[in-house]
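Remarks on the structure that follows.
The values are calculated or read from the model by the stated rules, or taken from the named source; none is laboratory data. Since we're looking at a predicted model, the values are computed, not measured. Cβ placement follows ideal geometry from the backbone for every residue including glycine, while neighbour counts extend to all protein chains displayed. SASA here: full protein model, heavy atoms, side chains in, ligands and nucleic acids out. Shrake-Rupley method; radii C 1.70, N 1.55, O 1.52, S 1.80 Å.
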Amino acid sequence: MAKLDILEFPDPRLRTKATPVTVFDSKLEALIDDMFETMYEAQGIGLAATQVNVHKRLLVIDVSENRDTPLVFINPEFEIIEHELCEYDEGCLSVPGFYETVSRPQKIAVTATDRTGEQFTVAAEGILATCVQHEIDHLDGKLFVDYISTLKRQRIRSKLEKEHKKSEIGRASCRERV
């Protein structure tokens, strides 16, 4: 297994709309395993393939307390069961260090395919429903910062751009010393 690089906002590749998965093979299995390893190492509860620069409709989630209930959703779609909204302070591995309150439907039904190619439907509520919607947004080229004010989004963008520049300068100076 390999840890994958996670794209960070405002990287334009995060805005790419993912295409359906059509081939279920060992490459897909390896990608799923690598995504779980990456998500767990980054202390996340969900990861969409778009975030690791693979633009296929695939996401992995584990919202369990013990990190022992991995879920795979391939070509996921959801339908709202209950229109009542639930607010969560959402964070994102692609927007590190920032959390903002986002309102999403509290109960949904998710239809997807598992890693073996079998289709399934599951009812999701609470944090699982929020996480599924958040990750499906990634597959559609959308980020949680799109739900907040333009001013807040610009502040986050500016801070992350500064951090990216600092880390690029640091890497460049390390290469010069080698």
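A few points about this structure:
- On full extension, the segment bounded by Gln43 and Lys159 gains 39.6 nm, given 0.36 nm per residue less the C-alpha separation.
- Summed residue charge, Cβ within 14 Å of Leu151's Cβ, Lys/Arg positive, Asp/Glu negative: +3
- Working value for the chain: equivalent-ellipsoid semi-axes of 28, 22, 14 Å, each the square root of 5 times a Cα gyration tensor eigenvalue, largest first.
- Length-normalised contact order for region 1-105 - Cα pairs under 8 Å, 6+ apart - percent: 26
- Eligible lysines near Lys165 by straight Cα distance, threshold 25 Å, same-chain separation 8 or greater: Lys3, Lys142, Lys152
- With every protein chain in place, the chain: carbon and sulfur % of accessible area (1.4 Å): 51
- Candidate aspartates and glutamates for bridging to Lys17, where Cα separation is under 18 Å - those fewer than 8 sequence places away on the same chain excluded: Glu8, Glu77, Glu135, Asp137, Asp140, Asp146
- Net charge, Glu161 excluded, C-beta distance under 13 Å - Lys, Arg +1, Asp, Glu -1: +3
- Environment charge of Ile136, counting only residues whose C-beta is closer than 14 Å and scoring Lys/Arg +1, Asp/Glu -1: -2
- The chain, accessible area per residue, ligands and nucleic acids excluded (1.4 Å, Å²): 56
- When the helices of the chain are scored as -39500 (n - 2.57) per DSSP H run of n ≥ 4 and the total is divided over every residue, the value at 222 nm lands at -11000 deg cm²/dmol.
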